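Just passing along the structure, written as structure tokens.
Readers should treat all values here as calculations from the given coordinates under stated rules, not as data from a laboratory. Note that the structure is predicted; figures quoted are calculated from it, not measured. Quick reminder, even Gly has a Cβ in these numbers, built from the backbone with ideal geometry, and neighbours come from all protein chains shown.
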Amino acid sequence: MEGATRRFACTQCGKCCDRSPEVELSEAASLADVFVFRLMFRLYSLPKTPGGGHSAVFYERKRLLSAHAARTYPTRYVRDGKRMDHNNYLMISALAVDAGRGACRALKGNRCSIYERRPLGCRTVPFHYSRPEASAERDLARFVSTPEYECDTGPAAPIVIGDGGVVEEATKGVRSEALALANADRPWKEAIVRGMKTGSAHAASLPTLTDIEANASFGALTSSMRVGWEIAVEAGLMNEADCRALLRQQVEAINCALAEVTTTEDYQTLREMGAEYRHALAA
């Protein structure tokens with residue numbers, strides 16, 4: 001049976017740019033002049049086999065998690081006396097610091113000031129590249145029903161979903177680009193995982209896997225992006241000059257963010273980050 005078609009067009013209302021973006025590690029390096037970044041660790045868990053129904057969504061989600069994960073490992077839960085075998089997926093990315101603005105730092109008025117170089121996640125709105133294409137219709141319905149969003153889903157908007165999948169060519173291209181970038185960043189993420197182990201020179205600056213597992217139900221953990229870039233240098237994935245250039249860009253981005261911050265806590269956090277980066281540059 002032919003799948004339903006769904007239409008969507010962005011009206012440039014800017015309402016969905018309500019927080020700072022999460023990006024891939026390589027994207028953070030290319031956007032260090034715009035955003036203040038933190039290294040972010042998040043854990044996802046998925047049963048080894050699907051439950052009832054929605055197997056297409058399950059297997060695509062499993063494939064995407066595997067493609068983007070820094071590490072995948074088996075685990076076992078006991079719930080209501082029943083053993084449940086899962087796989088855990090450790091994700092390592094970069095999170096731009098919000099600093100209390102309540103909106104993306106790149107948003108000027110209701111327009112993206114870095115539109116031509118905006119992150120991949122922004123390029124795939126309303127279908128984030130990490131989400132299964134099989135759930136695109138449900139994701140779109142949830143997105144356009146968000147209060148205050150002014151999305152165009154009328155008959156003049158282009159068809160974005162048809163025959164059970166995304167048909168919009170630009171989005172499909174970016175989804176492929178995101179998978180290629182995840183593969184390119186894998187050695188970097190694996191080097192960070194090695195840096196998390198006890199005895200590593202960076203262990204004190206990074207969360208342990210136990211810390212991440214303990215906080216998985218509450219959210220992600222973050223640490224200094226500086227550590228991520230220094231590990232890239234040590235792994236031969238970035239040269240020292242580029243690393244120092246990134247640190248200088250972060251100092252400038254922090255100075256800009258300090259001028260906009262609205263709370264004492266955020267101000268202090270940014271000040272501490274700036275001091276850390278300046279100390280690293282002086283070493």
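With a cut-off of at most 12 other beta carbons within 10 Å, and DSSP calling the residue loop, which trypsin sites (Lys or Arg not before Pro) in the stretch 188-242 qualify? Please list them.
In loop regions of the stretch 188-242 (DSSP not H, G, I, E or B), the sparsely surrounded trypsin sites (Lys or Arg not before Pro) are 197.
Rounded to the nearest 0.05, what FRET efficiency is calculated for residue 252 and residue 59 with R0 set to 51 Å and r the Cβ-Cβ distance?
Once the sixth-power term is evaluated, E becomes 0.70.
Something else now. Would you list which aspartates and glutamates come within 17 Å of residue 197, measuring only between C-alpha atoms, while excluding same-chain residues fewer than 8 positions from it?
Excluding near neighbours in sequence, the set is 211, 213, 230, 234.
Just rank 171, 75, 262, 222, fewest to most, by other beta-carbon atoms within 10 angstrom.
Taking fewest neighbouring Cβ atoms as first place, the list is 262, 75, 222, 171.
OK, next. Looking at the chain, which Cys residues are left with no other cysteine's beta carbon under 4.7 Å from theirs?
Unpaired cysteines in the chain: 10, 13, 16, 112, 122, 151, 243, 256.
Can you tell me, using C-alpha contacts under 8 Å and at least 6 residues apart, the relative contact order of the stretch 6-238 as a whole percent?
Once divided by the residue count of the stretch 6-238, the mean separation gives 31 percent.
Could you list 231, 254, 114 in order of exposure, starting from the residue whose Cβ has the fewest other Cβ atoms within 10 Å?
Taking fewest neighbouring Cβ atoms as first place, the list is 114, 254, 231.
Among [x] 64, 45, 33; [y] 72, 43, 38; [z] 65, 52, 35, find the value of Cα extents along the principal axes in Å that was calculated from the structure presented, and write down its label.
Recomputing Cα extents along the principal axes in Å here gives the entry labelled [z].
Got a sec? How would 229, 188 order by Cβ neighbour count within 10 Å, fewest to most?
Exposure proxy ranking, most exposed first: 188, 229.
Now, a different point. Starting from 0.36 nm per residue, how many nanometres of slack lie between residue 15 and residue 159 once their C-alpha separation is accounted for?
Full-extension gain reported as 49.7 nm.
Right, another one. Percent of Cα-Cα pairs more than 14 Å apart in the stretch 154-196, please.
65
Further question: Name all residues of the stretch 77-114 having a backbone nitrogen under 17 Å from the label point set 7 Å from the Cα of residue 264 along its Cα→Cβ direction, giving them as ranges.
Counting backbone N atoms under 17 Å from the label point, the list is 100.
Quick check on the stretch 210-250: what are the equivalent-ellipsoid semi-axes from the Cα gyration tensor, as sqrt(5λ), descending, whole Å?
Working from the Cα gyration tensor, I get semi-axes of 28, 12, 5 Å.
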